[in-house]
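*Asks:* Input: one structure, supplied below.
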Amino acid sequence: MVAPAPQESRARLRWEIAIVLAVGLGQSAVYSIVNLVNRLTLDTPLGQQTTTLNPSRDEREVFDLVYQLLSIGFGLVPVLLVGYLLWRPDRPHLRRLGVTFDRPGRDALAGLLLVAIIAVPGIAIYVLGRLLGFGVAVDPAGLGAHWWTVPVLVLSAARAALQEELVVLGYLFARLGDLGWGRWPIIVGSALLRGSYHLYQGFGGFIANALMGLLFGWWFARTGRVWPFVIAHFVVDAVVFIGAPWAFATFPDLFGVPAS
C-alpha cells in the first residue's frame, strides 16, 4: 500500500473516483437500487419478475447488431478512463491497475481455479433466491437467433469482465489506497459496490456478487494481478450467456423465465 496522498490531493482524488464511478459502475449501482425499489413496490412478487441482461435493441437485425456493438464499445470507456488516469511512463505502464503480461499461463490457470470456486456457490445462491422468492428470474440473453448472436454475447462477456475487474479491483484498490484506506475497508467497500450494481437481479444477485467481491478483493490484495479475475469473470459470463437456452429447457422450474 502506497503512502496516503496529501490532503489537497485527496479532495481531487475523491472527485476523480466519483466521476469514474458516475460514468460506469456507480451509475449502474444507482439505477439498480432504484430498479429494486420499483420492483418491490409492484403488485407482482419479486420472485415472479424477470430481467434480461442482453436484450434486443431494435426490431431490424442490422440495427440491432449496430446498437449491440455501440453499447459494448461505449461500455469500455470507463476502462480506457482508468487506464489513462493510472498510466505510468515506465513499464509495465498499467501495473497500478494490476495489468502485466509477464505470467499469462499462471494467470489463466488462476482464473480457471476461480471459476471452479465461484461457479457452484453462485448457481446455488441464484437457485435459492428463486425458490425463496427474493431473486429475480434472469434471462442472460434476450437476443434472437442471428449469425452474430454468439459473437456479440462473447463480446458482452468480455466488456463486463474488463469493466468490472479493472475498475472495481484495479482502479479502486489503487485510488482508495492513495486516500489512506486500509486493506479490509477497500475489500469490503469494493464488494458492496459490486453487489449494489447487481441489485436489479434482486437480493440473491446482491448476495452472490458481494460474496464473490470479498473473495476477489482478498485475492487481488494478495497478488496485485488483475488478469485472473478478468479471465474468471469472462468465462463465467460467456458460459451463462451462451448456455442460457439449454439451462432454461433442461431446468425450467429453476432457471426458466416466468411467463409474462
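Since every read-out is calculated from the coordinates, none of them should be taken as a lab result. All of these numbers come straight from a predicted model, not from anything done at the bench. Methodologically, a virtual Cβ is constructed for each residue, glycine included, from the backbone with ideal geometry; neighbour enumeration extends over all protein chains shown.
*Asks:* For region 168-181, take each phi angle, set θ = phi - 60°, evaluate the Karplus expression 6.51 cos²θ - 1.76 cosθ + 1.60, and give the result in whole Hz per residue in order, putting x for glycine and proline.
*Replies:* My calculation for region 168-181 gives 6, 8, x, 6, 5, 4, 5, 6, 5, x, 4, 7, x, 5 Hz in order.
*Asks:* Nearest 500 deg cm²/dmol is fine: what mean residue ellipticity at 222 nm does the chain get from its DSSP H runs of n ≥ 4 alone, each adding -39,500 (n - 2.57), divided by its residue count? It would help to have the intermediate numbers written out before the result.
*Replies:* On the way: 11 runs with 171 residues, N = 260.
One gets -21500 deg cm²/dmol as the mean residue ellipticity at 222 nm.
*Asks:* Turning to a different aspect of this structure: Give, rounded to the nearest 20 debye, the magnitude of the charge dipole that the chain has about its Cα centre when Lys and Arg contribute +1 at Cβ and Asp and Glu contribute -1 at Cβ.
*Replies:* Values: 19 positive and 16 negative charges, 198 e Å.
That gives a dipole near 960 debye.
*Asks:* Here is a follow-up. Please give the length that would be gained between Thr223 and Ala247 if that part of the chain were fully extended, namely 0.36 nm times their separation in residues minus their C-alpha to C-alpha distance (nm, one decimal).
*Replies:* 5.2 nm
*Asks:* Another question, if that's okay. What are the DSSP H helices in the chain that stretch 27 Å or more along their long axis, judged by alpha-carbon atoms, and whose average Kyte-Doolittle hydropathy comes to at least -0.5? Display every interim value, and only then the final one.
*Replies:* Values: long enough: 104-132 (41 Å, 1.64); 203-223 (30 Å, 1.06); 227-250 (33 Å, 1.56).
Span-like helices here: 104-132, 203-223, 227-250.
*Asks:* In whole Å, what are the extents of the chain along the principal axes defined by its C-alpha atoms, from largest to smallest?
*Replies:* The principal-axis extents, from largest down, are 56, 39, 34 Å.
*Asks:* Looking at Val77, Leu53, Leu13, which one has the Cα that reaches farthest to the positive end of the dipole of region 1-82 (charges on Cβ: Lys, Arg +1; Asp, Glu -1)?
*Replies:* So the residue furthest toward the plus end is Leu13.
*Asks:* Can I ask one more? Using amide H atoms built in the peptide plane, which far-off residues or other-chain residues are under 5 Å from Thr52 H to H?
*Replies:* Those lying under 5 Å, H to H, from Thr52 are Asp139.
*Asks:* Which FRET efficiency value, to the nearest 0.05, do you get for Val34 and Leu76 by plugging their Cβ-Cβ distance into 1/(1 + (r/R0)^6) with R0 = 25 Å?
*Replies:* Once the sixth-power term is evaluated, E becomes 0.55.
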